[in-house]
Amino acid sequence: MFILKGIEQLEKAIAKAKKVRPRVEFDRFGRYRVSGSKCYYTVICRKDERGYKTVTCTCRGAEKGLACYHAAAALSLHIGLARQQQAA
Ligand SMILES: [Zn+2]
């Protein structure tokens, strides 16, 4: 799990996601399934009780607190959906 402070923190992960182009499946708002090299990972984007945006991915990198490309791929969808919700 890591706390999302800004998009610049995801630059490398976004670059990798663009290269790898993982499949992102919508589960429900804030919860996505992203294809990895061998299996699917679950990415959960939420605001914690202090208002921090937290991103959890079930892969090993994210367990160590790294911003992985699964999270970057899921976040690009999540941010778009969040904007739509605010606009609605
Ligand atoms: Zn991951």
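The values are calculated or read from the model by the stated rules, or taken from the named source; none is laboratory data. The model shown is predicted, which means the values in this text are computed figures rather than measured ones. A quick note on method: Cβ atoms are made from the backbone with ideal geometry, for glycine too, and the neighbour counts reach across all protein chains shown. Protein only, heavy atoms only, side chains kept; ligands, DNA and RNA dropped before computing areas. Shrake-Rupley method; radii C 1.70, N 1.55, O 1.52, S 1.80 Å.
Structure summary
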| quantity | calculated |
| --- | --- |
| Total charge dipole magnitude, the chain, about the Cα centre, Cβ charges on Lys, Arg, Asp, Glu only, Debye to nearest 20 | 220 debye |
| Theoretical gain in end-to-end length, Arg46 to Arg28 [0.36 nm per residue, Cα-Cα removed] | 5.3 nm |
| Histogram of C-alpha separations across segment 30-88, 10 Å bin width, % | 24, 52, 21, 4 |
| Percent accessible area from carbon and sulfur atoms, segment 1-71, protein chains only, probe 1.4 Å | 49 percent |
| Mean accessible surface per residue for segment 1-80, computed with a 1.4 Å probe while every protein chain stays in place, in Å² | 67 Å² |
